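Scroll down for the structure; my scribbles are underneath it.
The values are calculated or read from the model by the stated rules, or taken from the named source; none is laboratory data. Please read these numbers as outputs of a predicted model, since none were measured by experiment. The accessibility values were calculated without ligands, DNA or RNA, using every heavy atom of the protein model including side chains. Shrake-Rupley method; radii C 1.70, N 1.55, O 1.52, S 1.80 Å.
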Amino acid sequence: MSAAFWIAFWWATFAGTHMVLSSLPVRGKLIARLGDTAFLGLYSLIAFATLIPLVWVYLGNRHAGGLVWNLTAVPGVRPLGMLLAVLGTAMIVAGVLQPSPALAGMKQAGGARGLTRITRHPLFMGISLWALSHLLLNGFLTDVLFFGGLLAFSLAGAAHQDARKRVIEQERLGQFFAESSFWPFGAVIADRNRVIWRELPWVALAIGAGAAVGIYALHSWAFS
C-alpha cells in the first residue's frame with residue numbers, strides 16, 4: 001500500500017473514531033457505563049493510537065506521491081501562505097491561553113469576549129489557518145492529503161462540537177452561542193457583537209507570532 005493510502009486510512013480512522021466516540025448516543029452510553037474518567041482515558045488512548053501513526057507515516061513520506069499542484073509558482077501565494085502560518089500559530093497559542101468556553105472541559109459561562117467575539121473557536125480556526133497555509137505551500141499528494149485532512153477535520157470537529165454543546169450545554173452556553181459565530185467575524189457582520197481590541201490577548205498573540213517566526217527559521221534544519 002502507498003503512503004498516500006495510509007495517510008488517508010489513518011485520517012479516516014482518527015476522524016471516524018473521534019466523531020463516533022464524541023457523538024451524543026455513544027458518548028452518553030459509554031460515560032454511563034465507564035464513568036467520566038475512564039471514558040476520557042479511552043477516548044485519549046484511541047486518539048493517540050490513531051494520530052501517532054498518521055503523523056509518523058506523513059513525516060516519513062513528505063513531498064511524495066506526485067505533484068498535485070504548484071501554487072507557489074503563482075505570484076503572492078508564498079507570502080500569503082507564510083502570513084496565514086503566522087496568524088494561525090498566533091491564534092493557536094492565544095486559543096490555548098484564552099480558551100473558548102465551548103472547548104471540551106471548560107466550565108465557565110457568560111458571553112463572548114476577546115477572540116471569541118471574532119470566532120467561537122480561536123483554537124480550531126488557528127489550526128485551520130495553519131493547515132491551509134501548508135496546503136498552499138506544499139502540493140505533493142501526501143502533503144495535500146495530510147494538510148487537507150487537518151483542515152477538514154479541524155472545521156468539522158468544531159462544527160460537531162457546536163452541535164453537541166447546543167444540546168447538552170444550552171443553559172450554560174446559550175448566551176455565548178448567541179453572541180459568537182463559527183466563522184470569523186460572522187457575529188460582527190451580523191451585528192450580534194463587536195470587536196473590543198483591548199480584550200484581545202495581545203501577549204499570547206505576540207508569543208504565537210514569535211513562535212511561528214522561530215519555527216520558520218528552524219524549518220529547513222528540522223525537516224531537511
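Structure summary
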{"quantity": "By accessible area with a 1.4 Å probe, ligands and nucleic acids excluded, highest first: order of Arg78, Arg198", "calculated": "Arg198, Arg78"}
{"quantity": "Surface share of carbon and sulfur [accessible, 1.4 angstrom probe, percent] for the stretch 146-224", "calculated": "67"}
{"quantity": "Probe 1.4 Å, protein heavy atoms only - accessible area per residue of the chain in square angstrom", "calculated": "54"}
{"quantity": "Translational diffusion coefficient (Stokes-Einstein; Kirkwood radius from C-alpha pairs) of the chain at 20 °C, 1.002 mPa s, in µm²/s", "calculated": "113"}
{"quantity": "Computed log₁₀ I(q)/I(0) - Debye formula, equal Cα scatterers, no solvent, the stretch 97-224, q 0.12, 0.17 Å⁻¹", "calculated": "-0.54, -0.97"}
{"quantity": "Heavy-atom accessible surface of the stretch 9-78: percent carbon and sulfur, 1.4 Å", "calculated": "71"}
